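The values are calculated or read from the model by the stated rules, or taken from the named source; none is laboratory data. Computed from a prediction, not measured in an experiment: that's the story for all the values here. Please note: Cβ atoms are built from the backbone with ideal geometry, for glycine as well, and neighbour counts cover all protein chains shown. Note: areas computed on protein heavy atoms with side chains; ligands, DNA, RNA excluded. Shrake-Rupley method; radii C 1.70, N 1.55, O 1.52, S 1.80 Å.
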Amino acid sequence: MSEIQKEKETTQSGEGLLAEKYYQACHLMSETAYAGSDGTEAISQLETLTELFGELGDYSDSKERLEKCSRRLEKLKEKKAADDEKRAEEAAQKNARYAELREDAKRAEKILKKRDASKRLEDISKELREKYSDIEGAEDYAREYAEKSVSLMEAYNRRKRYEVICCIAACFLVVLTALIYILMFSKQGSNYRPLIPLTVCDCIAFASFMIGYHCESESGTAASVIGAAGLAACFIATALLCIFKRPPLGLLGYIELLFLPIVIGFFAGVVLYVTWGIFARRIERPAKTRWDKK
């Protein structure tokens, strides 16, 4: 075989390899176009195409196809960078919201009343399960908050029963003592020594107001209102009866009668409220079974 023949066959063989590589590149380019993907896979395919068309050099329209692939590759990289930045920003916001929910749960336990804290923890638990389950530890916190929500509601229900009984008793005592005091003062007149009875009335009224104000259930409203009304009624009734009955107390005696019971009643009411609060906290605790005692 002559040298010319060999060279001709070599040229034809080389052209065949170029053609095969060209058609392979064109086929891959069409697949990439039809896929329409714009992620890491498309970028990888376009990088392969740019290498293939770059190796083909001037063969057919390889240069035009190379430029087209290069432009699309550049756009996809820019889009991917923008998408990555957006996802990173969303992830940062998600993590910040996740941390905020955990802090909110801590505040709810410390600040809110038990019923409100229970509802808030239940909402946080639900939100953690629905939106943040992909974050490590979110499921555990959701379970923990759900359990705390149940225990807080149980404590609230135990305390509510205790508060209802206490508020009914407080309202009854305020009305009873105020009526007895006013009726005895109005009947006995100047012979009546109202300082001690009025002090007792103010102590009960102040305690009723404080207990009602710090109640976690709705029953506290009545006790608080009736306690405040009892204080006002006793003060106004004492002033009016002193004007009309004129007991021989002197100026200092009248000032003492009007204001000393309020001062004593306030501090005595605080003591009664603190004592009530100690029992309320004990009532909140679940009753121990015989197994717990062991």
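Which numbered condition in (1) open to solvent by 10 Å² or more (accessible area, probe 1.4 Å); (2) touching a Lys or Arg at 6+ places or on another chain (Cβ under 9 Å); (3) closer than 20 Å to Val270 by Cα is the only one that Cys215 fails? Unmet condition: (1). Among the residues in the stretch 84-95, are any under 22 Å from Glu147 (Cα atoms), at pLDDT 85 or above and either part of a helix (DSSP H, G or I) or within 11 Å of the chain's Cα centre (by Cα) (or both)? Checking the stretch 84-95: not a single residue is under 22 Å from Glu147 (Cα atoms), at pLDDT 85 or above and either part of a helix (DSSP H, G or I) or within 11 Å of the chain's Cα centre (by Cα) (or both).
Consider Leu195 carefully, then state whether it is without any contact (Cβ under 8 Å) to a residue 60 or more places away in the chain, surrounded by 13 or more Cβ atoms within 10 Å (Cβ to Cβ) and over 23 Å from Lys114 (Cα atoms).
In short, no.
Of the residues Ala142, Ala155, the single one that is part of a helix (DSSP H, G or I) and at pLDDT 90 or above is Ala142.
Within 17 Å of Ala233 (Cα to Cα) and not charged (D, E, K, R) - does that describe any residue in the stretch 158-170? Looking through the stretch 158-170, at least one residue is within 17 Å of Ala233 (Cα to Cα) and not charged (D, E, K, R). Among the residues of the stretch 98-125, those identified as free of Cβ contacts under 8 Å to residues at least 12 places away in the same chain and not hydrophobic (A, V, I, L, M, F, W, C) are Glu100, Glu103, Lys106, Arg107, Lys110, Asp116, Asp123.
The condition of being farther than 30 Å from Ile124 by Cα and among the aromatic types (Phe, Trp, Tyr) holds for only one of Tyr145, Tyr162, Tyr181, that being Tyr181.
Have a look at Val175, Val164, Val200 and point out the one that is within 16 Å of Val270 (Cα to Cα), open to solvent by 50 Å² or more (accessible area, probe 1.4 Å), out of contact with any His (no Cβ under 6 Å at 6 or more places or on another chain) and in a helix (DSSP H, G or I).
Being within 16 Å of Val270 (Cα to Cα), open to solvent by 50 Å² or more (accessible area, probe 1.4 Å), out of contact with any His (no Cβ under 6 Å at 6 or more places or on another chain) and in a helix (DSSP H, G or I) holds for just one of Val175, Val164, Val200, which is Val200.
Is it the case, given these coordinates, that Leu257 is at pLDDT below 90, open to solvent by less than 90 Å² (accessible area, probe 1.4 Å) and not polar (S, T, N, Q)? So Leu257 fits the description; yes.
Considering only residues in the stretch 178-190 that are touching a residue at least 12 places away in the same chain (Cβ under 8 Å) and open to solvent by 20 Å² or more (accessible area, probe 1.4 Å), the one that is nearest to Ile255 (Cα to Cα) turns out to be Ser190.
Considering only residues that are open to solvent by less than 30 Å² (accessible area, probe 1.4 Å) and over 21 Å from Leu258 (Cβ atoms), which ones fall in the stretch 220-244? Scanning the stretch 220-244 gives Gly220, Ala223, Ser224.
Filtering the stretch 135-160 to residues that are under 16 Å from Arg102 (Cβ atoms) and either surrounded by fewer than 14 Cβ atoms within 10 Å (Cβ to Cβ) or hydrophobic (A, V, I, L, M, F, W, C) (or both) leaves Ile135, Glu136, Gly137, Ala138, Asp140, Ala142, Arg143, Ala146, Glu147.
Check the stretch 67-88 and report whether any residue there is touching a residue at least 12 places away in the same chain (Cβ under 8 Å), within 30 Å of Glu284 (Cα to Cα) and surrounded by fewer than 14 Cβ atoms within 10 Å (Cβ to Cβ). Scanning the stretch 67-88 turns up no residue that is touching a residue at least 12 places away in the same chain (Cβ under 8 Å), within 30 Å of Glu284 (Cα to Cα) and surrounded by fewer than 14 Cβ atoms within 10 Å (Cβ to Cβ).
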